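What follows is a set of notes on a single structure, which appears directly below.
Please treat every number below as a calculation from the coordinates, not as lab data. This is a predicted model, so every value here is computed, not measured. With ideal geometry, Cβ positions are generated from the backbone for all residues, glycine too; neighbour counts draw on all protein chains shown.
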């Protein structure tokens, strides 16, 4: 009996606690928040599911909060006017204190400008245009990153693979155009050029897109950066596959707008995108993204979209939507509903319907709490202190089959790398393609595309070639069947090597310059003048850089040795006959040698005779002095004999030549004729030519001619370009 009062007391406590909990739940005041999404798009469907699940999850854990978000979802249908109309409806009829969305950058800009004076925070996790800034839109918060963040990652890829030209393909919208200034400026920093921009309007049909793709195919550039919405990009790649632009040699790079949701795209679209490289935001592994969360998310997604194919997991946009709701719920709790009053401005004759909307009095405080809120969410570090998420790592992926594979990472601090360590720091070395995993390129190719191809059609570079007096430099002929000009020679070889080294395709054809006298200076002046007359796009050959030609063309740097010299005949200094054996020594040397021999013999005879050696021819030398004299004589004779032998051998084997004139002044004194570059050179005493011609001439006639005198400075040979 004593236990009954205790039992009754316990039951009363339990019922009292339950009643208190219900009373607390009933006391939770609604904090109205509007959501504007394009519910017909994949991003809109994923975001709606994440927002609804986030509200459910947050308040199942925080049941004691005084406030609770009341979500009002509206469909913008992808239209700016419809989005603005939805915003006005939410503000007028539901007195919303914040708006999540809208989905497009153009919609966000329109609504933010419309409502900025109403002090209603607008938090968008999909509006990524760099044009949306805090300075112009004070109540706009970007719960994502702007598109300019991925620019350096894209440019690092371009630089790593050595591509020098890129074509930009983008939506002709505020979202598509917003990234262009940042991307083009970054490409210029690495000396990469954008020869063409392909702006695809929203009104473009499939036929319009095919026509644009055929235009791109006719160009030589094969590297394309696609910055479009997922819907438009799906159509682009489907048509590109039909046009044969997903074959070997093509390079396609998609920005985060497509790469972030590649898992959610149609299998047929993903298959058409085989070989595409994508830049997407890296989502670190999180324990909160467990099996239980994915099951609940997919159940709710099927509930909202019963006719859609199920998704494996939410995209990064879905994770950002989930974290945005959490941030807004925490901020609403701190601000509270007690101060949640809307003040309606006084009307005037010039007031519009939007001007008469109530002004949120707690908007500034709510905005402050939103941007100061920091936590570790499903998407990673969620920090809006800079009015957008902090820059983290970007992941580089490669679409293969109906899925994708990891290629590498890019970080602001360390550039490209295959993997990240625990601190997000780079493990490997400098940025290059060697720092990335192998890529499966379009056409199932593993060979890195060079980034350009010679187009099937298009104008060719008209290369003018002359007929040179020295065919070693330029020689032209005609193909018998096609009658096309064929050119060979040193100048042609240099030109073709330069063409091979340029980082883009250069289609050209040779056109012969026909003239009666192709070897004259006047003929070369006429040849160069053809570039000025636009008959040729470039003139190549043994063209001397002369001042009077510079008004018509711009010369390249010289490709030969510069200078002008003179060639003269040579003559033999030694005549070969029966007396050549006497030539090694001069007459004085012969006479001195003979006299020295006679003098030595007399000295030796006298020394031996004085020492009693009367029979010198029968006995050995007895006097030491005579032996010493004879030793000196033998040494002199040995040196003399060696010199004689060497000189005689040289005269018999090497031709002894000397120039007939040593310089131009000596030639003038003797009244000789001077020839120059004009056909035959017979009947002249000397030739004045450019040094390259002289070397070529002497290579053939080195036995009869030589170069003399000083080399006068000249500019050398070069090619002529239009000025």
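Assuming 0.36 nm per residue, please report the length gained on full extension of the stretch residue 446 to residue 368 beyond their Cα-Cα distance.
Details: separation 78, 0.36 × 78 = 28.08 nm, distance 5.14 nm.
Between residue 446 and residue 368, full extension yields an extra 22.9 nm.
Nearest 5 is fine: what % of DSSP beta bridges in segment 461-557 come out antiparallel, could you say? The partial results should precede the final answer.
Values: 4 of 11 bridges.
Around 35 percent of the beta bridges assigned by DSSP in segment 461-557 are antiparallel ones.
Go through 367-375, 146-154, 701-709 and give me the packing order, highest mean Cβ count within 10 Å leading.
Working: 367-375: 17.4, 146-154: 22.2, 701-709: 15.6.
Going from most to least packed, we get 146-154, 367-375, 701-709.
For segment 142-178, the residues whose amide N sits under 18 Å from a probe point set 7 Å from the Cα of residue 191 along the beta carbon direction are 155-166.
Potential lengthening of the chain between residue 711 and residue 136 amounts to 200.0 nm, from the contour at 0.36 nm per residue minus the alpha-carbon distance.
Let me check against my output: what whole-number percent is the relative contact order of segment 461-557, with C-alpha pairs under 8 Å and at least 6 apart?
Values: 141 pairs, mean separation 35.8, N = 97.
Relative contact order, segment 461-557: 37 percent.
Can you tell me the FRET efficiency between residue 208 and residue 268 if r is taken as the Cβ-Cβ distance and R0 is 30 Å, rounded to the nearest 0.05? For R0 = 30 Å, the calculated efficiency reads 0.90. Label-to-label distance for residue 649 and residue 668 is 4.6 nm, based on points extended 7 Å past Cα in the beta-carbon direction.
Could you state the number of Å between the C-alpha centres of segment 247-294 and segment 103-143? So the separation of the two Cα centres works out to 27 Å.
Only counting other Cβ atoms within 10 Å, I'd like 262, 251 sorted with the fewest neighbours first.
Numbers: 262 21, 251 26.
Neighbour counts put them in this order, fewest first: 262, 251.
A Förster radius of 22 Å combined with the Cβ-Cβ distance from residue 502 to residue 475 puts the calculated FRET efficiency at roughly 0.35. Each of 379, 264 has some number of other Cβ atoms within 10 Å of its Cβ, and from fewest to most they run 264, 379. Between the beta carbons of residue 63 and residue 376, assuming R0 = 25 Å, the FRET efficiency works out to 0.70 to the nearest 0.05.
Ranked by the mean number of other Cβ atoms within 10 Å of their residues, highest first, the peptides 400-410, 481-491 come out as 400-410, 481-491.
Multiplying the sequence separation of residue 298 and residue 631 by 0.36 nm and subtracting their Cα-Cα distance, what value in nm do you get? Length gained between residue 298 and residue 631: 108.0 nm. Counting neighbouring Cβ atoms within 10 Å and putting the fewest first, the residues 478, 118 line up as 478, 118.
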